[in-house]
Structures are given as C-alpha cells and as structure tokens.
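Just below is one structure, and these are the notes that go with it.
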Amino acid sequence: MTTSSLGAVGVPTAPAPTAGAAGGTVSESPAEAPVGRTAHASPGGAGTLWRPTAPCTPQACLDAARRAEAIPLAVVRVAAVLFLLVLGFLMSPLGARLPADLVRRWCRWVVRAAGVRVRIDGGAAPAGGVLLVANHISWLDIPLLAAVRPARMLAKSEIRDWPVAGWLTARSGALFIDRDRIRALPETVARIAEALRAGEAVTVFPEGSTWCGRAQGPFRRAAFQAALDADVPVQPVRLQYRVAGGAPSTAAAFVGEDSLLTSVWRVATTRGLTAEVQVLEAIEPGSCRDRRSLAQAAQATVGVGRAGLS
C-alpha cells in the first residue's frame, strides 16, 4: 500500500557532494543530519555517536493518568488497529493502483481504531513532487500525514525487522537508510530528490527523533537539499494531540525507552484523545536560497523550537 512507514527518519552524515539538479553539496555537522526516533549513543562505533536525541522520557514527560477507558474497549481498539494493519499488508501488492482517497481513508481508520479523533485543518497538499515535513511526537504521526497525502517515508533500516509493521513498511515504497553507514547521506539525498522529480511525495521528520509535544527539536537540514535539487515545494504540517476540553496531551508520545506496544496501549486507554493536523502554507521552490534558510522557514512555520504548541 502506498502509505508512509510506521517508523522515523534515519540519515547519516558525510562531507561529500550529492547529485541533483541544483548541484548542491551536503556537508553537515553531526548535529545537523536528520535521523530517526529518539536514539541513544552507542560506544560500539563512531557511526552511532552523532544520532540526535530528545530529552523526553516516559517518566518525565507523559501526562499523569486521567480517567481511562474500560479495558475491554481498549482491547477491542488494539485488535482493530492490528486488523487494519494486516488488511493494509494484504492490499499492499496493489501498490500505486490503489486510489489515493482510499489510502487516506485507511490511514484515518487506523487512527480512529485506536480511539483517537482526527481533525485536519488547512488546504490540500500540492500535487506532484513535494517534501512533507512535520514535528514528530507519535507513531500515530505516520498515518496522520498519509491522511493528508500518501507519501514515501524515509525510514531507518531497523524497521524492516518489526512484526507486521516492518512488512507493511517494506511494501509501502519506503526509502530505507542504514544509519550506521556514515557516508550514506549524499546517496540518500539523491534518492529523495529522484523520487521528488518523479512527482512523488516524500515524508520526513526533520527533528530526527520523537519529542513529547510540550517542546520540539530543531529541524535538521540535509533532507531539504533534496527539495532544492528537485525544485519542488516543501509542505509543512503541524501535529498536536489534545484531550477532551482542548488541553494539550502527551499521552500519544512515543519517546525514550517506551515500547511500541506500551504506547499503543496507552493511546487505546486514553479517553477523549484528539489528533490535530494543521496543513500549513507550502513553501514554494525558489523562495529560499539554500537548505539552511529552507529548514529555518519550515521550522518557523510549524512552530518547532517553542516550549510547546499552543
């Protein structure tokens, strides 16, 4: 199925040139390379030491328990999510032949099956090649962005080993990257640019890790070079989760050492959770002179870097 992968972005850094129409080069410091969900430095190799991390942890950031849904209802919700993922896996061989509207509805169903209401505001994402970028909080972000526009996801290679979701991700057309290959960044940027030139949408989470939603991380710049090289717009999207009454909530956050199953169960047992998706004004090609200014413009639009989104 042409949907986003259930994972996050993983791109290593290297001071080498990348192919592209604009002839741009990619040479970033370790702190600038876009990577995936919260990662931790490993002493086993230099290729893992630079991975961005977020300070968010389940113990420090997750909301105190509110009135929860009954356990039987939560079990039904988890089963419904798994059913829809398996259904997506079975339909995945159809690939691009599936209507985009059907894919968007399927992604909404996944979120709704978890007991989360969905509210999407703003205009439609541009047609043709476009780089979708958003702040990153939860595993729910993936189907939510695909509900805006089905896209290829830049995903870390470890996701291939995930049960069910790994198979679905591989069938979805995700662009996988081995984050331990420290010289893979130019190749990755070139692959993203190639997909964008072909008229495809590609989704990237430039923060490089999941944050709890009360605060966000800076946008890394490397993936924005692909949009410059392909001369396509960047579509910023702002994500936030709220509980009944409108208060911001961290219940959906997937951070630190949280397991996927634990996060899914917390979402399924949270009462009145709503996912808000704001499709912001697209940044047109030529409006920014380089990837630094383009990343800064996208970050300012999304609101990343503030102490939470209001």
Taking the condition of being assigned to a loop (DSSP other than H, G, I, E, B), of a type in the set (A, V, I, L, M) and farther than 17 Å from residue 139 by Cα, how many residues in region 67-121 meet it? 2
Among the residues of region 181-202, how many are at pLDDT 90 or above and out of contact with any strand residue (DSSP E or B) (no Cβ under 7 Å at 6 or more places or on another chain)? 6
Name the residues in region 265-298 that are under 17 Å from residue 112 (Cα atoms) and either in a strand (DSSP E or B) or open to solvent by 20 Å² or more (accessible area, probe 1.4 Å) (or both), would you? 265, 266, 269, 270, 271, 274, 275, 276, 277
Checking residue 51 against (1) at pLDDT below 75; (2) in contact with a Ser or Thr (Cβ under 7 Å, 6 or more places away or on another chain): exactly one of these is not met. Which one? (2)
What's the total number of residues in region 81-117 that are buried (at least 19 other Cβ atoms within 10 Å of the Cβ) and touching a strand residue (DSSP E or B) at 6+ places or on another chain (Cβ under 6 Å)? 2
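Here's the yes/no breakdown for (1) modelled with pLDDT of 90 or more; (2) over 28 Å from residue 89 (Cβ atoms):
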position	(1), (2)
179	no, no
205	yes, no
231	yes, yes
238	yes, yes
261	no, no
270	yes, no
Among 217, 213, 305, which is the only one that is at pLDDT below 90, in a loop (DSSP other than H, G, I, E, B) and in contact with an Asp or Glu (Cβ under 8 Å, 6 or more places away or on another chain)? 217
Any residue at all in region 166-175 that's of a type in the set (Phe, Trp, Tyr), open to solvent by 10 Å² or more (accessible area, probe 1.4 Å) and modelled with pLDDT of 80 or more? no
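The values are calculated or read from the model by the stated rules, or taken from the named source; none is laboratory data. Fair warning: this is a prediction, and the values are worked out from it, not measured in the lab. Quick reminder, even Gly has a Cβ in these numbers, built from the backbone with ideal geometry, and neighbours come from all protein chains shown. Note: areas computed on protein heavy atoms with side chains; ligands, DNA, RNA excluded. Shrake-Rupley method; radii C 1.70, N 1.55, O 1.52, S 1.80 Å.
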